[in-house]
Amino acid sequence: METVTLQDYKTSEKSWWCPGCGDFGVLAALQKTLVKLGIPPHRVAIVAGIGCSGKMGNYINSYNIHVVHGRTLPSALGVKLANRDLLVIAAGGDGDGFAIGMNHFVHAVRRNIGVKYIVMDNHIYGLTKGQNSPTSDHGQKVKAAPFGNVESPVRPLSLALTAGATYVAQGFSSNQAQLARLIEGAIAHPGFAFVNVLSPCVTYNKVNTYDFYKQMLHDLDEDPDYQPDSRGGAIAAVLEREELVTGLIYHDPGSVAYEDALPGFAEQPLAGRDITLGQEDFLELLASYR
Amino acid sequence: MPKSLAWMIGGDQGEGIDATGDVFGRVLSRLGYCIYGYRHFSSRIKGGHTNFTVRIAADRVLAPQANVEVLVALTQETIDRNGHLLLSGAPLLADSQLKPVLPDGCEARLVEIPLTQIAREVGAAVVRNMVAVGGSAALFGLPLDAFEAYAREKFERKGETVALQNVEALRRGHAFIEELGLRGRFSLPAPRPRERYLMTGNDSLALGTLAAGCRIMAAYPITPATDIMENLAGLFPRFGGAVCQMEDELAAITLVIGANYAGARAMTATSGPGFSLMQEGIGLASMAEIPAVVVDTQRVGPSTGMPTKNEQSDLLAAVFGGHGEGQRIVIAPGTAVQAFEDGFEAFNLADRYQCPVIVLSDLALAQWLQSVENLPLGGHAIDRGAIVAQEELDRLTGEFERYRLTEDGISPRALPGMPKGQFLATGVEHASSGKVSEAPQNRISQMEKRSRKLDALRARAGAIETSRMDHAEVAIVCFGSIVGAVDEAVELLRQEGVRAGRVQVRQLWPMPDIPLATALGGAAKVLVAEQNATGEMRQLMRIAGLEDDRYRSLVHFDGTLLTPGRVVAAVQELSVKEGV
Ligand SMILES: Cc1ncc(C[n+]2csc(CCOP(=O)(O)OP(=O)(O)O)c2C)c(N)n1
Ligand code: SF4
Ligand SMILES: [Mg+2]
């Protein structure tokens, strides 16, 4: 087999993010992991949402589909069902995933679709220039909420856990080694794997900064008392620390992906199959309408 | 002898009215008759009046009949609402238990028949409707054995007792009418037995999509589209495909786009409210040039409108519904055979032109039973459109140019998984490489490329279908399910000496202005008939330059099915007022 290099995953497009944006770290960790695993770029499909984070796909030389705001997960499911040999990665922001796309998030989780979902969670709407997002802290003051956010934040990790997620992890964009490990685990997982990445927006979020996370984050991977094998334990741990944790939070080794559970669903990619309907089958089906 | 006879059964929803209508229609179909079976229903599960009419003829009929010959009433409400449909002296079979009374002015002949009592005697209250079927068979002088055979076949899996009870119910009903001396009260024209199927447009459309190689269907339930999802859910596992019941229509359309992007044939089906939700996704498919098949089985809107009533009022939304100026193809079948053809062709068009294809069905086509002769599987071949060859990708030195500017606007696509074919498909304006570009000149050339793709469709063979247009002085233009009513109207008009003809527009966008202009060239009057309030197709024709002082509109939007009589009246009015 040909060896895969970082160069294979680079595109000619210049990164457009603000210098210092957390999303650079996420892109780097993803590219490194794909190279480490030796997955050739044509076997990867990235489905990106709308937002600064959604630019992700523009910078990776894989198959990319940049969809409409909030619909990354259903589009990704479509790609996976059409060609289950592909590694399908959905990537987007906290607004894309937990506001306009929240409905799909919960349903992708409970279906356990064979898609890896990386959220660049900056607790803000970056692309629309700094409105509160569903993960913004209570009290956060922005132009669209000059008197402070009166809403409470969504807790993506506990939400995923209670919805039945089979792989839940949280990374921090400046901890490359851990993030790459978590993405690698996600790729190996059969079914839906959710990696929420705390990825600071240096331009619009003055609260959830690199320094803030460096002070606040507790690394569960390094916690000898923590085992990521109990859903209840995981929920308790993330609630106790208000989700300011990193590491592999929960993993269900018995996970069965949606596409494997579908009755009669083809084991080979649909995209390459003979799709003609035989005359005999056709007549048999017609006969049921007599 | 009348061209057709109609039998109606009415009662409360949840009383098996549909199932009974289905039995009656299917047996008559097997006896060699052509059937059109339609229902009146409301948006609730139990209770509320419903009725099912079976129109019976020797030749194909695809429209409702104005009156009925026999009415079976399981409730007094059925009599009150529908008694007027019976001509003087026509039998109204009512369950004696109702102590039925005829409303003032109703001159039907009330025939009380102890349906419930007989059913109890037979041993199962649920066979009440079969007693009525047996009685009806007698009225039409039909052989009971065909009904018995069907009941045995249908109820076999429920066990011997159930099957026997149904057969007995049929016999008792038949005997009761015979004793009253009403056997053969109506005689049907001689049947013309042939290999025939009784199906709805949803049934045949689902088969068409399966035959086209569609293997992924994503949808959110909505009347009257749901049967397509339910049909395919039963069929796809056998052929390796999957039906995904999604959380909403936003998910359904974007799943379909993802799947088509990755090389499968995928579709969704919805009705007005869901179609509105899909508009943003449809725009993505236009912009990123991804094939997508969307079926919109129209019903009365806006909003929840009248969800169980027929209308053709999503046409402009289908053509212009999204923001920006996205290219779409809109086709509209009018019969179950055409629904099969369009279910198939939609995928070829989508792959060939790499854009969304909207199949505009409507409630009447989607849900009402019609006789179908020969669905031609052989007449259709799968065409996947332009896909780049792997050898060509292997030879590439630079990037694959997915959106290369070509003369006809169509650029071969690579499918994910093909080495060296990687590209970005995006809803953002992009250069020929797929990379984002907002350069003015690029915008113009990509926009023109996407529009250019559809130019050839203006003259596509099969975009219109004409009937009786030879020397026609009045041309009736229509689309969708009302073609049945229009065709019947044309025959009635011709009998009266009016040289009428019909033009059915099967491809509504791009508007086939070239063949339409030719077809309508010789007509002195053009009546554009449609089931909506604002004459949506006429508006599209006007945009395409098909408008002059010969054009008139017939709009029908009360939710009821358009009848041949209404069309005839509209043409007669033209003649009287304008002297055609
Ligand atoms: C339907 C729709 N509504 C609104 C927008 C405008 N919009 C673009 S990105 C965005 C929010 C992005 O926030 P997030 O998903 O957190 O991404 P980030 O930019 O922070 O990475 C919004 C509201 C849109 N593109 N589409
Ligand atoms: S606005 Fe924020 S999220 Fe967007 S690129 Fe800049 S730093 Fe990153
Ligand atoms: Mg954000």
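Overview of results
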| item | result |
| --- | --- |
| Selection of trypsin sites (Lys or Arg not before Pro), the stretch B:178-210, meeting DSSP coil and at most 13 other Cβ within 10 Å | B:Arg194 |
| For the stretch B:462-578, accessible area per residue (1.4 Å probe, heavy atoms of protein chains only), Å² | 37 Å² |
| Local electrostatic count at B:Ile228 - Lys and Arg +1, Asp and Glu -1, tallied over other residues with Cβ under 12 Å | -4 |
| Ellipticity estimate at 222 nm from DSSP helix runs (n ≥ 4, -39,500 (n - 2.57)) divided over chain A, nearest 500 | -9000 deg cm²/dmol |
| Three-way shape label, the stretch A:163-209, alpha-carbon gyration tensor, a/c 1.5 | oblate |
| For chain A, projected area of the alpha-carbon convex hull averaged over all directions, nm² | 18.6 nm² |
| Alpha carbon convex hull of the stretch B:472-580, volume per residue in cubic angstrom | 92 Å³ |
| Selection from A:Leu285, B:Leu110, B:Leu62, by position along the positive dipole direction of the protein assembly as shown (Cβ) | B:Leu62 |
| Antiparallel bridge percentage (DSSP; both residues within the stretch A:1-157; nearest 5) | 20 percent |
| Kirkwood-type radius of the protein assembly as shown, with distances r between different C-alpha atoms, in Å | 29.7 Å |
| Relative packing of A:121-128, B:553-560, which averages over residues the other C-beta atoms within 10 Å, highest first | A:121-128, B:553-560 |
| Number of partner chain Cβ atoms within 10 Å, mean per residue of A:56-62 | 3 |
| Given 10 as the ceiling on other Cβ atoms within 10 Å, longest exposed-site-free region of chain A for GluC sites (Glu not before Pro) in DSSP loops | A:3-266 |
| Separation of alpha-carbon centers, the stretch A:113-189 and the stretch B:101-149, rounded to whole Å | 65 Å |
| Accessible-area composition of the stretch B:198-372, carbon plus sulfur, in percent [1.4 Å probe] | 54 percent |
| Partner lysines for A:Lys214 [C-alpha distance under 18 Å; skip if fewer than 8 residues away on the same chain] | A:Lys206 |
| Trypsin sites (Lys or Arg not before Pro) lying in DSSP loop within the stretch B:43-106, provided at most 13 other Cβ fall within 10 Å | B:Arg44, B:Lys46 |
| Whole-Å distance, taken between Cα centres, linking the stretch B:181-233 and the stretch A:237-271 | 40 Å |
| Relative contact order (%) - criterion: Cα under 8 Å, at least six apart; region: chain A | 18 percent |
| For B:Gln279, net neighbour charge (Lys/Arg +1, Asp/Glu -1) across residues whose Cβ lies under 14 Å away | -4 |
| Antiparallel bridges, percent of DSSP beta bridges restricted to the stretch B:189-326 (to nearest 5) | 10 percent |
| Inter-chain Cβ neighbour average for residues A:281-289, partner chain, 10 Å | 6 |
| Rg/Rh ratio calculated on Cα atoms of chain B (Kirkwood radius) | 1.02 |
| Chain A: most fluctuating residue of A:Pro263, A:Pro190, A:Pro228 per GNM, C-alpha cutoff 10 Å | A:Pro263 |
| Relative contact order of the stretch B:198-372, pairs being alpha-carbon contacts under 8 Å that are 6 or more residues apart, as % | 31 percent |
| Max mean-square fluctuation residue, GNM over chain A, Cα-Cα springs under 10 Å, options A:Val119, A:Val26, A:Val106 | A:Val106 |
| MRE, 222 nm, helices only [DSSP H, n ≥ 4, -39500 (n - 2.57), over chain B, to nearest 500] | -11500 deg cm²/dmol |
| Cα centre as origin, Lys/Arg/Asp/Glu Cβ charges: the protein assembly as shown dipole, Debye | 700 debye |
| Inter-chain shielding of B:261-274 (mean C-beta neighbours from other protein chains, 10 Å cut-off) | 4 |
| Filtered GluC sites (Glu not before Pro), the stretch B:162-201: DSSP coil and at most 16 other beta carbons within 10 Å | B:Glu195 |
| The stretch B:4-179: C-alpha pair distances exceeding 25 Å, % | 26 percent |
| Peptide ranges B:376-384, B:317-325 listed from the most packed, as the mean C-beta count within 10 angstrom indicates | B:317-325, B:376-384 |
| Entries of A:Lys10/A:Lys143; A:Lys116/B:Lys420; B:Lys46/B:Lys158; A:Lys32/B:Lys435; A:Lys116/B:Lys449 with Cα pairs more than 31 Å apart | A:Lys10/A:Lys143; A:Lys116/B:Lys449 |
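The values are calculated or read from the model by the stated rules, or taken from the named source; none is laboratory data. The structure displayed is predicted, hence computed values, not measured ones. For neighbour counting, all protein chains shown are included, and Cβ atoms are generated from backbone atoms with ideal geometry for every residue, glycine included. For the accessible areas, the whole protein counts, side chains as well, though only heavy atoms, and no ligand, DNA or RNA atoms are used. Shrake-Rupley method; radii C 1.70, N 1.55, O 1.52, S 1.80 Å.
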